[in-house]
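Below: one structure, written as structure tokens.
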Amino acid sequence: MEKTGVPDMRVTIAGVELQSPVIAASGTFGYGIEFDEILSLQKIGAFVTKGLSRAPMEGNQAPRLIETSAGMMNAIGLQNVGVEAFIEKKLPEIRKLRGTVCFANVFGFTIEDCVGVVEKLNETEGVALYELNASCPNTRHGGMVFGTDPGLLEELTQRVKAVSRRPLMVKLSPNVTSIGAMALAAERGGADAVSLVNTFVSMAIDIETRKPRIKNVTAGLSGPAIKPIAVRMVWEAARAVKIPVVGMGGILRAEDAVEFMMAGATAVEVGTASYADPRAVEKIATGLRKWCEAHGVAKVSDLTGSLSS
């Protein structure tokens, strides 16, 4: 293809316009403010906060993160400051960040917990969208149950959507038989978008000590190893629902983002790559713009669902 002019990199998710389809994923980007002096937040589409719960959480015991041959395993356990401290201490600093968009990731052990977090965030300014985490495999409570049961997921989504004053995106678990069925359940519950995939339940053993390498025993696998599976699941979800799909899972470079978008993603989230390179999200966003320019793509949104049969 011939090169084009400066491509239009804007995408829209549930009415929220982003200047780039590249988003920093929850759990890998702190609360956003930590990265303000490391990279140019104005060059990425948005960032998603660490998961927010009703009360502060210390997370799981160490060791809770290890490197694998093609990614990493983590069982952080949803460590966070709690929604009230977030509103009081983090959100005022987030509002000072110019030219970027903040999504708040929320979770709870019960439906009432999730509703409570959203109700508190409703009274604030500085958050554009809620990402409802129904998929984290590192808690012994409700996360996996919501994320793997279509009926419960639909009920959870419906209850949270009923009180939400902002668009609601549901983050889906990949640890299911049919990701399309789960995406449909979220859509039926009123979700404005879905994001996928979260990490895959995994395990590693120290063969010298004969003990699990992660204190929690199991952990979530992320990184390049899961990318082909994640692309397939995004393709399946995008074919199943009419709402926007945000894809993630092992994205390291611009070409990976292109692959997810061709499979049906409106935007992508970058997670594990930020551990290896704190500027990864910005570099991928810049690389995607250059790829579009080099390949004659005038509007990045045209990539979504452009896979040829």
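When you look at Gly30, is it within 17 Å of the chain's Cα centre (by Cα), surrounded by fewer than 19 Cβ atoms within 10 Å (Cβ to Cβ), in a loop (DSSP other than H, G, I, E, B) and not basic (Lys, Arg), yes or no? For Gly30, the condition - within 17 Å of the chain's Cα centre (by Cα), surrounded by fewer than 19 Cβ atoms within 10 Å (Cβ to Cβ), in a loop (DSSP other than H, G, I, E, B) and not basic (Lys, Arg) - is met.
Can you confirm whether the range 152-159 contains a residue that is among the aliphatic types (A, V, I, L, M), in a helix (DSSP H, G or I), buried (at least 19 other Cβ atoms within 10 Å of the Cβ) and out of contact with any Ser or Thr (no Cβ under 7 Å at 6 or more places or on another chain)? Walk me through how you get there before you give the answer.
The first filter runs over the range 152-159 and keeps only residues among the aliphatic types (A, V, I, L, M), leaving 152-153, 156.
Going one step further and asking which of them are in a helix (DSSP H, G or I), we end up with 152-153, 156.
Still in the running and buried (at least 19 other Cβ atoms within 10 Å of the Cβ): 153, 156.
From what is left, the residues that are out of contact with any Ser or Thr (no Cβ under 7 Å at 6 or more places or on another chain) are 153, 156.
Looking through the range 152-159, at least one residue is among the aliphatic types (A, V, I, L, M), in a helix (DSSP H, G or I), buried (at least 19 other Cβ atoms within 10 Å of the Cβ) and out of contact with any Ser or Thr (no Cβ under 7 Å at 6 or more places or on another chain).
What number of residues in the range 65-78 are outside any strand (DSSP E or B) and either basic (Lys, Arg) or surrounded by fewer than 16 Cβ atoms within 10 Å (Cβ to Cβ) (or both)?
To start, the set of residues in the range 65-78 that are outside any strand (DSSP E or B) comprises 69-70, 75-78.
From what's left, either basic (Lys, Arg) or surrounded by fewer than 16 Cβ atoms within 10 Å (Cβ to Cβ) (or both): 69-70.
The number of residues fulfilling the criteria is 2.
Of the strands (runs of 3 or more DSSP E) entirely within the range 166-260, those holding at least 1 residues that are of a type in the set (D, E, K, R) and in contact with a helix residue (DSSP H, G or I) (Cβ under 9 Å, 6 or more places away or on another chain) occupy 168-171. In the range 44-64, the residue that is nearest to Gly108 (Cα to Cα) out of those that are modelled with pLDDT of 95 or more and not in a loop (DSSP other than H, G, I, E, B) is Leu52.
Would you pick out the residues in the range 97-114 that are at pLDDT 95 or above and surrounded by fewer than 21 Cβ atoms within 10 Å (Cβ to Cβ)?
The answer is none; no residue qualifies.
Take the residues in the range 270-309 that are in a helix (DSSP H, G or I) and at pLDDT below 95; name whichever of them is farthest from Asn198 (Cα to Cα). If you could, list the steps in order and put the result at the bottom.
Residues of the range 270-309 in a helix (DSSP H, G or I): 273-276, 280-294, 300-303.
So of that shortlist, the ones also at pLDDT below 95 come out as 275-276.
Numbers: Tyr275: 16, Ala276: 18 Å.
Across the range 270-309, the extreme among qualifying residues is Ala276.
The values are calculated or read from the model by the stated rules, or taken from the named source; none is laboratory data. Computed from a predicted structure; not experimentally measured. Here Cβ is always computed from backbone atoms with ideal geometry, including for glycine, and neighbour counts include all displayed protein chains.
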